[in-house]
Each structure stands twice: as structure tokens, then as C-alpha cells.
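Just below is one structure, and these are the notes that go with it.
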Amino acid sequence: MPPSPRKYRSALIIIQGILEECMKGENKDGIVKSSIYKNLNLKTAVGEKYLEQLIKAQYITMTEEIWGRERTRHRVQITQRGIQRFEWFVKLSSELTI
């Protein structure tokens with residue numbers, strides 16, 4: 001049985017997914033960064049790359065908090081600009097059937 005061809009997601013689909021996860025987890029504290037990676041099935045290095053881009057574009061913000069004695073975790077929150085862009089992505093995706 002030949003291996004199935006690998007299907008890659010476009011950058012826009014990944015970005016839309018990250019923004020969607022931030023919208024779902026939107027509360028005053030945001031969503032934990034590792035939850036985004038897990039829910040979207042992203043490798044850490046790939047997720048970091050996209051989160052950096054979204055922070056630079058001011059779509060999201062990230063805060064660091066103490067977790068336990070020696071650990072920290074990062075919480076991601078969507079900005080108003082990110083919410084607006086997410087709505088654009090949804091509209092484009094529905095019109096173009098992406």
C-alpha cells in the first residue's frame with residue numbers, strides 16, 4: 001500500500017486557525033500557547049514562527065506568567081485588530097472555498 005500524499009496547510013489557514021483558537025479561548029486571561037499548538041497539531045517551531053508574525057502584526061499579544069515554582073507559561077490574547085482580521089479571513093475563506 002503506497003503512502004498517502006501529504007497535504008500541507010497554507011500559511012493563511014494556519015493563521016486563521018491560530019486566531020480562531022484565540023477567539024475560542026478569549027477570556028480576560030487568554031489561551032495558553034501550548035494549547036494552540038496542541039489543538040492545531042502544530043510543531044513548536046512552526047507555531048513559534050507564526051506567533052511571532054502575529055505579534056509583530058499586532059493581531060495578538062503574549063504575556064508570561066509564573067506557573068509552579070520554576071516554570072512559566074505564555075498566554076496569548078487576540079487584539080481588536082486580530083478580531084477584525086479574523087473576520088476578514090472567515091469572509092475570504094467562505095467566498096473562495098478555501
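Given labels modelled 7 Å from the Cα in the Cβ direction, how far is it in nm from residue 81 to residue 55?
With each label point 7 Å from Cα toward Cβ, the separation is 1.5 nm.
Please give the direction-averaged projected area of the C-alpha convex hull for segment 11-92, in square nanometres with one decimal.
Numbers: hull surface 21.5 nm².
Reported value for the Cα convex hull: 5.4 nm².
Rule-based calculations on the coordinates, nothing more; no lab input. Here the structure is a predicted model, which means the values were calculated and not measured. Neighbour counts run over all protein chains shown; Cβ positions are idealised from the backbone, glycine included.
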